[in-house]
1. List the helices (runs of 4 or more DSSP H) inside the range A:149-262, counting only whole elements, that have at least 2 residues being within 14 Å of another protein chain (Cβ to nearest Cβ).
2. Filter the range B:162-175 for residues that are surrounded by fewer than 20 Cβ atoms within 10 Å (Cβ to Cβ) and either within 10 Å of chain A (Cβ to nearest Cβ) or free of Cβ contacts under 8 Å to residues at least 40 places away in the same chain (or both) and give the result.
3. When the range A:38-64 is examined, which residues are found to be within 17 Å of A:Phe349 (Cα to Cα) and part of a loop (DSSP other than H, G, I, E, B)?
4. For residues that are modelled with pLDDT of 85 or more and assigned to a loop (DSSP other than H, G, I, E, B), tally how many sit in the range B:136-147.
5. Report whether or not B:Glu30 is within 20 Å of B:Thr227 (Cβ to Cβ) and loosely packed, with under 14 Cβ neighbours inside 10 Å.
6. Could you tell me which of the residues A:Phe145, A:Phe132, A:Phe153, A:Phe121 is under 18 Å from the mean Cα position of the chain (by Cα) and either among the aromatic types (Phe, Trp, Tyr) or modelled with pLDDT under 95 (or both)?
7. Filter the range B:59-113 for residues that are facing chain A (nearest Cβ under 7 Å), surrounded by fewer than 23 Cβ atoms within 10 Å (Cβ to Cβ) and outside any loop (DSSP other than H, G, I, E, B) and give the result.
8. Looking at the range A:205-243 only, could you name the residues that are of a type in the set (S, T, N, Q), more than 20 Å from the chain's Cα centre (by Cα) and at pLDDT 85 or above?
Amino acid sequence: MSEKAKSIASKKSSGQDERLQNVSKLKLLLNRPELGALGGAILVFIFFGIVAGDTGMFSAYGMLNFLDVSANLGIIAIAAAMLMIGGEFDLSIGSMIGFAGICIAIPAIYWGWPLWISIVFAFAMAVLVGYFNGILVVRTGLPSFIVTLAMLFILRGATLAITRLITGRTQVPGLRVLIENDPIAWMFATDTFKWLFTWLGSMNLIALRTDGTPLATGIPPSVIWFIAATLFATWILMKTRYGNWIFASGGDKNGATNVGVPVGRVKISLFIGTAVAATIFATIQVLDAGSADTMRGNLKELEAIAAAVVGGCLLTGGYGSAIGAAFGALIFGTVSMGIFYTDVDTDWFKVFLGAMMLIAVVFNNYVRRRVTESK
Amino acid sequence: MSENLIEFNNISKFFGKVIALKDVTMKLKEGEIMCLLGDNGAGKSTLIKTLAGVYKPDEGEILIEGKKTIFDSPKDALDMGIGTVYQDLALVPLMSVTRNFFMGREPLKGPPLLKTFDIEKANQIAAERMGQIGIDVRDPSQAVGTMSGGERQCLAISRAIYFGAKVLVLDEPTSALGVHQASMVLKYVVKAASEGLAVILITHNVHHAYPVGNSFTVLNRGKSLGTFDKKDISREDLLGMMAGGEELSKLEVELKEMGRINN
């Protein structure tokens, strides 16, 4: 009896015409995961354009400022987004940032290693930590939330303990002098397009210092890494077999396994990805500041996940985009810097961050229901 | 056409003391649809997994195109042309039709080491294949989640055929579907058989099996009650042979007495 009722309720699937094609294309656009973040970013820019348009926030110097903050967050947010699409979390990103920082600083300062070897060493440690996270999650079948939460404490604690043991304090300064002539460090420490800014300065198009050099000297390395990471991650997700495996692993582990997707390997590689992204973040920051701090990257894992969620990633995996996460990071970076240019007390930033995430999750939930519900 | 595409001779499977299958024999020719009927616990799942290469039979032999064969793994069975579509279909609702169709077996293009997923080709093949079944995927990049249950089942079957199945093993393809959706799937199964595939349709629904089947094998408590050609057996007989068939007719009588069934 109920079967008959069901069949009457189910719509016929044959005989569609072109009009439906148009509708479905529009729907498809609305269903893109990054749409919400793109809209959010536009709203944020309009808001600050009105509120802080005349304050210097949108001068070359001001823009590079909030782009730098966005880019740093973006690098880890993109890796976190890919891992989330693959169906897992990494809460140890922030601790990995601190750990990678001292992996560079202690060998370079206390053991006399060349800086570039220290950087390579930090990346090797990142691969190891990521692999360990991944293998633990895959082998034990425990939620990655718990496994990486444990790693959050272990890594942060080890960073603090090891640093104090070797150096007697919690900060390792003195790296700046080592950057020059290093074969690798420039990749993380050089402003690019300086000629452009010099030219813009000479044309009096951007603000100058009293000595005539432009206030904004070039595009910071974080922005270049951020753009490269966004393009690379998007290429992987959309254009490669491995990308399809990431979606499949997060979307339905069993189904993916049944058709031959190496789900375990995919997940392990994504955990390595987040640890490596944290190390890129750490290297840029350590070389920029000239020192490593054991507390660096604190709570960054949550900001990264928040940016990924605002960017349209579902907490349950299988859906999301790298571009979305990039826009999510841009929103957070812009607001966290932009708030200084307004009369609003900066204490309100976290309120905004939380509210933004809530709205995003509700919106994503709605999108998911639309995508998964049968007609 | 006289040669059997697949043959099971006296297959038995034991799990410790439990006899899951005992002396099951069945034969299947090209273009034939054999329905495997049985109630829950009759040994259907064990038989499917033996067909799919998940279990190795403890007794008996499997012949593929007349040759004795042992499946060492599910991949072995796949390579031999046994395409199994499980009940869960192995489809990801959030992913597109194309991405599901080629999941794990993506077509590649480009130079070595920089090979990319050939989305255009994949889209084209997926749309073409779905079109052949009469499912108009308006856009092969639409999510599978937007498809109806019947369409999803057809997609999974179509995928198995595309990747080289000669024998299709379908596990309860209509169990979760309404009448309209089920008939759509069954129509496709008949079409696939008419194109030369052998189909083993596992179901507990005689009403779905009877119209499409050429022969019927009834399993009860791990044993085959025999294989019957359609001309030799009626729907009611089949229903009666399945465990629970008797109970169902009793139930019908009781319900009639209660006045709940009017027709």
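The values are calculated or read from the model by the stated rules, or taken from the named source; none is laboratory data. Since the structure is predicted, the reported quantities are computational estimates derived from the model, not experimental observations. Cβ placement follows ideal geometry from the backbone for every residue including glycine, while neighbour counts extend to all protein chains displayed.
1. So the answer is A:221-239, A:241-251, A:253-258.
2. Of the residues in the range B:162-175, the ones surrounded by fewer than 20 Cβ atoms within 10 Å (Cβ to Cβ) are B:162-164, B:166, B:175.
Listed by number, the list holds a single entry, B:Phe163.
3. Pass one, the range A:38-64, residues within 17 Å of A:Phe349 (Cα to Cα): A:40-41, A:43-45, A:47-48, A:51-52, A:57.
Hit for the range A:38-64 is A:Met57, nothing else.
4. Residues in the range B:136-147 being modelled with pLDDT of 85 or more and assigned to a loop (DSSP other than H, G, I, E, B): 1 in total.
5. Details: within 20 Å of B:Thr227 (Cβ to Cβ): yes; loosely packed, with under 14 Cβ neighbours inside 10 Å: no.
No.
6. Details: A:Phe132 fails: under 18 Å from the mean Cα position of the chain (by Cα); A:Phe153 fails: under 18 Å from the mean Cα position of the chain (by Cα); A:Phe121 fails: under 18 Å from the mean Cα position of the chain (by Cα).
After applying the criteria, what remains is A:Phe145.
7. Result: B:Leu108, single match.
8. So the first thing to find is which residues in the range A:205-243 are of a type in the set (S, T, N, Q), and the list is A:210, A:213, A:217, A:222, A:230, A:234, A:240.
Those left that are additionally more than 20 Å from the chain's Cα centre (by Cα): A:210, A:213, A:217, A:240.
If the condition is that a residue be of a type in the set (S, T, N, Q), more than 20 Å from the chain's Cα centre (by Cα) and at pLDDT 85 or above, then A:Thr240 is the only one that fits.
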